[in-house]
1. Whole number please: convex hull volume per residue, Cα atoms of segment 171-224, in Å³.
2. Residue separation times 0.36 nm, minus the C-alpha to C-alpha distance between residue 105 and residue 88: what's the value?
3. For Rg/Rh (Cα atoms, Kirkwood Rh), one of [x] 1.33; [y] 1.05; [z] 0.96 was computed from the structure I shared and the rest are decoys. Which label?
4. Taking 4 °C and 1.567 mPa s as the conditions, I'd like the Stokes-Einstein D for segment 178-270 in µm²/s, using the Kirkwood hydrodynamic radius from alpha carbon pairs.
5. Given points 7 Å out from each Cα along the Cα-Cβ axis, report the residue 134 to residue 63 separation in nanometres with one decimal.
6. Taking the Cβ of each residue in 146, 218 as the centre, tally the other Cβ atoms inside 10 Å and list the residues starting with the fewest.
7. With runs of 4+ DSSP H residues as the only contributors, calculate the mean residue ellipticity of the chain at 222 nm using -39,500 (n - 2.57) per run, divided by the residue total and rounded to the nearest 500.
8. Could you check the simple spin-label distance between residue 244 and residue 263, using points 7 Å along Cα→Cβ, in nm with one decimal?
């Protein structure tokens, strides 16, 4: 590289540029924003600043700057730094963070409604109000509810639920509740609320895929009774899990929660 630059008579220019290029690293990001190295003549580096007060202050500190700069330069160290006032634009103001909204006190009271101890309830209420403020802020930023836990999230599902969905225990529970939705509550102690919500989400997703396939087969078979009966049975499982209710409590009005294609097939087969 040195031989090539020397043959092209560029070596001297590159050496002069080294101090200018190294300046931001030597002085740090804050000083680099309000200074601009303009040129180098011999061992003197000329630097522009915004105003005379800054130029005077940096001139008093130039021996520290020289030491930091020369530590980065191997050849032809800088022996002097001269500061002058130039056209340096003021750094843009840092954007101000949007203030947190007021807490949702109704939602906060609902979160702590089971707390009985009066002193503990006050502390829990303050914590719940902080949670609701953060939740409202995320909603105002356009974050959508996580399909698993319902909390506003930028990712869909949210990061915590994405990890829970990969839990082998959660996946096993999902396969069970697909066939027996009433067993969902049995996993509350072993999986917790987040695990139960994740198992329900996986089971509903897989049931929806099965229902879609069954609806197509039902149409292809000319609404054969056996296909339609099996489709109706699986739809009942889906609605029981979706509504967190027993199969016997599922009504015809609940069918609005089914995938559209499934609704159409079941309505056509009545």
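1. Each residue corresponds to 67 Å³ of Cα convex hull volume.
2. My answer for the length gained is 1.2 nm.
3. Among [x] 1.33; [y] 1.05; [z] 0.96, the one derived from this structure is [x].
4. So the translational diffusion coefficient is about 95 µm²/s.
5. 5.1
6. Listed from fewest to most nearby Cβ atoms, that is 146, 218.
7. So the helix-based figure for the chain works out to -18500 deg cm²/dmol.
8. 2.3
No lab work stands behind these numbers, since they all come straight from the coordinates. Treat the numbers as computed from the prediction; the structure is a model and nothing was measured. Here Cβ is always computed from backbone atoms with ideal geometry, including for glycine, and neighbour counts include all displayed protein chains.
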